[in-house]
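First comes the structure, then the notes that go with it.
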Amino acid sequence: MDLKELMMFADGLDNKGKQELILFLQSRTKGTTPPIRAIDEIQEQKHKNGMVCSHCNSHAVVRFGR
C-alpha cells in the first residue's frame, strides 16, 4: 500500500478509526525530529546576532518601541 492508497483509506474511516490511526502513527514516529518550519529558519537567520534597531543598529531594543 502506498501513501496515496493509505490517504484514501484514512478518508473512509470514521472519527474513532481516524483517532486510532493518528495514535498508531504517533507511536511509530516517536524519537524522530520534527521538520524545521521555513519561517523558524528565516527568523533564526535574520536574528542570529540578536535583535537590532533598524534605525541606529543598537542592540538595546524594546518590542514595538523605539
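Each reported figure results from applying straightforward, stated rules to the coordinates on display, with no laboratory input. Computed from a prediction, not measured in an experiment: that's the story for all the values here.
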Span-rule helices in the chain, defined as complete DSSP H runs reaching 18 Å or more along the axis (Cα) with Kyte mean at least -1.0: 15-28
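Could you give the length gained on full extension between V62 and M1, defined as 0.36 nm per residue of separation minus the Cα-Cα distance, in nm?
16.6 nm
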Computed log₁₀ I(q)/I(0) - Debye formula, equal Cα scatterers, no solvent, the chain, q 0.16, 0.23, 0.24 Å⁻¹: -0.72, -1.06, -1.09
